[in-house]
Every structure is written in structure tokens, then in C-alpha cells.
1. So what is the relative contact order of chain B, in percent, for Cα pairs below 8 Å that sit 6 or more residues apart?
2. How much length would be gained if the chain were fully extended between residue A:220 and residue A:265, taking 0.36 nm per residue of separation minus their Cα-Cα distance, in nm to one decimal?
3. Note down the nm distance, to one decimal, between modelled labels 7 Å out along Cα→Cβ at residue A:200 and at residue B:238.
4. Under a Cβ-only charge scheme (Lys and Arg +1, Asp and Glu -1), can you give me the dipole magnitude of segment A:148-279 about the Cα centre, in debye to the nearest 20?
5. How large is ³J(HN,Hα), in whole Hz, for each residue of segment A:132-148 in order, when computed from phi with the Karplus curve 6.51 cos²θ - 1.76 cosθ + 1.60 and θ = phi - 60°, using x for Gly and Pro?
6. Please get the size of the charge dipole for the protein assembly as shown, origin at its Cα centre, with Cβ charges of +1 on Lys and Arg and -1 on Asp and Glu, quoted in debye to the nearest 20.
7. If R₀ is 25 angstrom, what is the calculated FRET efficiency for the pair residue B:187 and residue B:65, using the beta carbon separation as r and rounding to 0.05?
8. Amide H of residue A:40: which non-local residues (sequence gap of 5 or more, or other chain) have their own amide H closer than 5 Å, using H built in the peptide plane?
Number of protein chains: 2
Amino acid sequence: MREEATAFVPGHITGFFSAHPADDPTMAGSRGAGLTLTDGVTVTVEPVAEEASESIVILDGEMIEIEPVDIVLETLDVVARVEAESDLPLGAGFGISGAMALGTALAANRVFGCKLSRNELVTIAHGAEVQAGTGLGDVVAQDCGGIPIRLEPGGPQENKLDAIPARARVEYVSFGELSTADVLAGETDQLTAAGKEALSRVVEEPTLLSFMYASRLFAREAELLTEEVAHTIGDVTDVNGQASMAMLGETVFALGTGLSDAGYEPSVCATHPAGALLR
Amino acid sequence: MREEATAFVPGHITGFFSAHPADDPTMAGSRGAGLTLTDGVTVTVEPVAEEASESIVILDGEMIEIEPVDIVLETLDVVARVEAESDLPLGAGFGISGAMALGTALAANRVFGCKLSRNELVTIAHGAEVQAGTGLGDVVAQDCGGIPIRLEPGGPQENKLDAIPARARVEYVSFGELSTADVLAGETDQLTAAGKEALSRVVEEPTLLSFMYASRLFAREAELLTEEVAHTIGDVTDVNGQASMAMLGETVFALGTGLSDAGYEPSVCATHPAGALLR
């Protein structure tokens, strides 16, 4: 057994999506597209002392309960101390819970010598997210890196991915949280219709500009825009920038210097060229 | 049209493989596993002057003909100057031709605004390699990064990939070239049988150690070992290191400090965490 292992998982902003529930969590998921980010989550896993019988999860120095992480550890049948550090706010649409789940799976596999393959680990993390209701597509996107297009839902055995072959500077500002679980528990017909339309558009023209356009249209049609988010996107548009809303959080992201140009003081990162990786 | 675009494509050492021909080059390919490397090829594409009607390909400062690159440019219907720099020797089992083809596809798509998706570009580069007879699995592995396991052959629309979730320092020494085209044109039944057995082993235990073991067994059973390669692998084994032969080149690669420990003066790199990327 190793003493510890560390994984970095990029953040993931979903621009648009459609929800695809299924009884088997590894088959459930979402279609859609998003940006993986150089801002992400660093997850370190180590075995707990022998007398301890429960896993501990820490995010940015504070003990926290993150259900998908618990499910991953249970599935791997290990008891561990999971310590994560994140550049990103929790609950604001950056896929932190997915990153925690995937990072835990990758690092625990190494520490405890589980001998699982990458796809098996991604399947476990994806299934845990779906089961916990915290996300539908972040994990498979975070496994992939870049600017993934999720053509078919589900874990790696089921899904089909493509990507926009580009990279970009990304700016973001976050005004608060939105509950993914609440939105997904509500009426999703309109959202799903809007998500499918956005996906067709991006498949037809897999460029960053068409992604941003499709994302803005989706946010409006799915009626997820809050007033502050709509206002901020408008400000970026006014200076000829490209911005949209992170699904699901009260967060606006923009390409290049869109938010700075509009007078905001955004966090700055870039699209992440790689998927989750062991340090 | 942009002035130029640059892509980096990791080198790829195949440890073992089985060949799977098909009439459609995007369906043909190989099963197997290998290491993508931080040593790779940087490919810069720019439009040629208007009066020129032919593409130019340059590798490490010298004009060169690389058929898969020509096929990629013809498929994209562009005339370009392609300038590549490589850390790796040509023809020695590092997937240079695949890297050149994939890098050209990614960079040309950006320069000429072709608006193709990542999968489409990988399909074009993979098909070009197969058509030219220069490789069967490097391109899809180089698209993926890490330590890819090719479960099903073909381009991204057809194949199935997994990966060994690990990373490693990699050392290599190269004694010369082997022609991929010659080996593939010969009798491949024994090679294919050995490749399938090696793949079963790595699927059952997707770890670096089992990959190295399966690769050594494959090289012996497929009767591809040259005297110098066999001798060098033996030297690394004698110091308890892990080494095998790169398919296809007269090249020995080792994990960690295997070759240094055995008294060689190897080139040193590491597994590359990401697939091909735009700079």
C-alpha cells in the first residue's frame, strides 16, 4: 500500500445539457457540451490509521460530506482520508462534486492497489454522482479534458464523446449557488428540448463561437437565467464579448477578456488540455 | 484565416498489438497498449504563398515526404507549409508519422477554419496512417494520451479505448529503424495471436507492471526481437528493471531508471498525461 496519491481533476463548466435518466446509474447521464478548466480540484488520498473505521473528507481545510465521494470509497471497499483543495467555489456550476469523486477514485486506486482500469474508475465516479443526484455529465467530461461534447449519455462503457478542437482563456464570476438536485428534480422537458437543439447546433459546427451561442440560447430557453446572470451576460455582449451561464450555478463565464472588458473583476483560467491526471 | 497554428502530439511507444485490416481505413487498425510520451512532435501549419500550389513538409529543418501528412492535407483540401520539430528518432517505433498526421490535422483545422470536430480530425489522421501503411494505432493513442489500451481497432467512431491509470518516468535507447510497413506486409498470424494474449493479460490487470510483462512476452512470441534489443532488455532485467521493445523499431524502453541502472545512457521522458493539444 502506498502512503498517499494525488490526482488533479479540472473543473467543468457545462454550457448546455439535456438530462437522460435511467435505472442503472452508469447508463444515466446527460448530453451536452462544456469547458474543462485549468482551475480544478487537487485530491489526495491516504489510508486512515488502523483503528479508524470511517473515511474522512476534507475540502479546503474543512471536514465536509460529499455523497459521491462516500459512494466511491464504499464501492472500492476502502477506508481513507480524502483531502481536497479547490480553486473553485462549491455549488456554483464547476463540477466540484464530480471532480472530488473522480479524483478520489483515481488516487484511491493507486494508494490501495485496486488494479482497476481508467474506464472502471470513471464508471464508478460517474455512477456515484448520478446516484447522489449531484451531476450527470461532469465526471465523463473531466475524464476527457479539453472542450468535450457529450453525444450520448452515461459512463465510458455507454457514452459517446467528441470535442471542440480548440483552447481558450476563460474568465468567470460567481454570484452564488444553484442546486443541481433541485433543478433536475423539477420539470425538465423544456430544458431537454433546448439542450437537444443546442447540441445539434454544436455538432454541426464544433467551434467555440457556436458553443457560446448555443449555450446562451439554451440558458434563455430553459429559463434558468437569474436576473444578475442575465445582466452580466448582457454587459459582456455590449463590449462584443462572448459569455454565458454555467450549468448549474449562478455563474457567468466568458471567453478571452469578455468579463474584464465589461468592467468585472473575474477569476481567470483557461481550458484544460488534459483530463483528470495522477500527480 | 489565421497566420499559423501549432499542435503538440506526444510520442507513442506500442508495447504489443494485433493487426486488424479492413477495406475502409477508418475501420482498420490495431488492438494493443502503449505509452504516450512527453517527448513528441510539435507541428506548425501555415498557409503557403498564393502562387504556390503544393504543400511543403519539413521535419527538423529538412524537407521530407510523409505520406500520411500529404493525405491529411488533401482530405482537408488545403495547401500548407507544415513544419515539425521532434524530440524522437524517425522510424524507431515512436509514432512520428502518426504524430505528424494528427498534428497537421489539428493545426490545419485551426488555420484554415475547417470547423471539423476532434473525432473527425482524428479519423482523418488515423485513416491517412492506415492508408499509407505507416501505422495502425498510434493516432488514436496519441489523441487519448496517458497509457491507452486499444480494446477495439479503428478510428474514434469505431474503436473502444481504455487506459492504465498510472504515470511513469520512461527511458529509451534506439539502435535503429524497423519498417512498420514491412512487418505488417509479412505473415502476421503469430503476431496477432501473441497480441491478443497480451491484451487479455492487461485487461485483466491494468497496471504498468502487467503491461511491461505482457509486452516482453509479446516481443518474444511475435519473434520481433533483434539481438541487440534482446541483450539490452536482459541487461535491464538483470538489475531488476522493467524494459521491453518499442513496436516497431529497434528501440528499448524502460520504466523509471531501468536503462540507467543497467549502465546505458538513455533519453529520459515520462508518460504524457494528455492527448494531442493545440498550443
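1. Numbers: 723 pairs, mean separation 73.0, N = 279.
Normalised by residue count, the contact order of chain B is 26 percent.
2. On the way: separation 45, 0.36 × 45 = 16.20 nm, distance 2.43 nm.
The residue A:220-residue A:265 span can extend by a further 13.8 nm.
3. 6.8
4. Details: 9 positive and 20 negative charges, 135 e Å.
Rounded to the nearest 20 debye, it is 660 debye.
5. 7, x, 9, x, 10, x, 4, 4, 5, 5, 5, 5, 7, x, x, 10, x
6. Values: 30 positive and 86 negative charges, 53 e Å.
That gives a dipole near 260 debye.
7. Values: r = 28 Å, r/R0 = 1.14.
Given R0 = 25 Å and the Cβ-Cβ separation, E is 0.30.
8. Placed amide hydrogens put A:11, A:87 under 5 Å from residue A:40.
The values are calculated or read from the model by the stated rules, or taken from the named source; none is laboratory data. Because the structure is predicted, anything quoted here is derived from the model rather than measured. Please note: Cβ atoms are built from the backbone with ideal geometry, for glycine as well, and neighbour counts cover all protein chains shown. These area figures cover heavy atoms from the full protein model, side chains too; ligands, DNA and RNA do not enter into them. Shrake-Rupley method; radii C 1.70, N 1.55, O 1.52, S 1.80 Å.
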